[in-house]
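Structure first, commentary second.
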Amino acid sequence: MKQKKNVTTALTYVALIIGSIIMVFPFVWMLLTAFKTNAEVMQIPPTILPSNWNFSSFAKAVDLLPFGNLYFNTALMIFLRVLCAVVFCSMAGYAFAKLNFKGKNILFTLVIVQQMIPGQIFIIPQYQMIAKMGMTDTIFSLVFPGIVSAFGTFFLRQAYMGIPNEVAEAAYLDGCTRWQTFTKIMFPLTKSSIAALSVFTAVFAYTDLMWPLVANTNINSTTLSAGLSSLNGQFSTNYPVLMARSLQCFRWLCCTCASRDISSKAWQ
């Protein structure tokens, strides 16, 4: 039995090691490609290590696109989407979980149905709304799809449903209004759920590619994901430059996620 357990443990570790190598390999390949020349990237069979370490791709990547504007637009979009998700989803989730009003079940059914529909279906009507308001190529157009989140509403509704009704009833007996009960009693009890929603919203906003390409055609008002996609040419692509810039954006995302992880722990 002990020998069988050791064999099982060894096979488990082998499977985990193979899985970790498969997951890490694309990032290693991105790092090594950034130091290759374009001819070396296209040669067959491909080489793992660059023959000559080329650092010029990083300088070219900075000159090709206004990355200062792209970083600013992305950070501002993430901040505003997280803020809207926390504010509106908290109020909507509390209303669906603790308040009784006419049409509550019908409205919540619409929220569930919206989660079941692919987000690409809403791109055309959302763009028509932005275009009629004359808000294309602005920060507001980037934030617009994230003002209301069906996922966030459902997520925080479940969090508020986990809080006993006796907590709100005790607040009412102490003289709190519904708004005071929400802001001073119920909302602080969902800090961990709000921190998790903030991380989810930030990651979803950062990885959003299709909507920035549709809403903002001006390179100075778009996001990092859309800006990087413009480096991918129609007939040829300078992959070292593309990978060099992707590597720097990946580092920025890691730093952002690390700071958010620290802030979420502080909340908890």
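Taking Cα centroids, how far is segment 115-141 from segment 154-178 in Å?
With segment 115-141 and segment 154-178 each reduced to a Cα centre, they are spaced 35 Å.
Dipole of the chain, Cα-centred, from +1 at each Lys and Arg C-beta and -1 at each Asp and Glu C-beta, to the nearest 20 debye?
For the chain, the charge dipole is close to 600 debye.
Starting from the Cα of residue 184, draw a straight line to each of the lysines and keep only those under 29 Å, dropping any in the same chain fewer than 8 residues away.
Cα-Cα hits under 29 Å: 98, 102, 104, 265.
Given 113, 165, 138, which one lies farthest toward the positive end of the charge dipole of segment 102-178, if we put +1 on the Cβ of every Lys and Arg and -1 on the Cβ of every Asp and Glu?
Comparing the listed Cα positions along the dipole, 113 ranks first.
Identify the chymotrypsin sites (Phe, Trp or Tyr not before Pro) of segment 38-99 meeting these criteria: DSSP loop state and at most 11 other C-beta atoms within 10 Å of the C-beta.
Counting only loop positions with at most 11 other Cβ atoms within 10 Å, the chymotrypsin sites (Phe, Trp or Tyr not before Pro) in segment 38-99 are 53, 55.
If the cut-off is a Cα-Cα distance under 26 Å, which lysines reach residue 36, setting aside same-chain residues fewer than 8 apart in sequence?
60
Determine ³J(HN,Hα), in whole Hz, for all residues of segment 62-69 in sequence, where each value follows from phi through the Karplus function 6.51 cos²θ - 1.76 cosθ + 1.60 and θ = phi - 60°; x replaces Gly and Pro.
Those phi angles translate into 5, 7, 6, 10, x, 5, x, 5 Hz.
Just so you know, all these numbers are worked out from the coordinates, no wet-lab data involved. Note that the coordinates shown come from a computational prediction; the quantities given were computed from them, not determined experimentally. All Cβ positions, glycine included, derive from the backbone under ideal geometry; neighbour counts span all protein chains shown.
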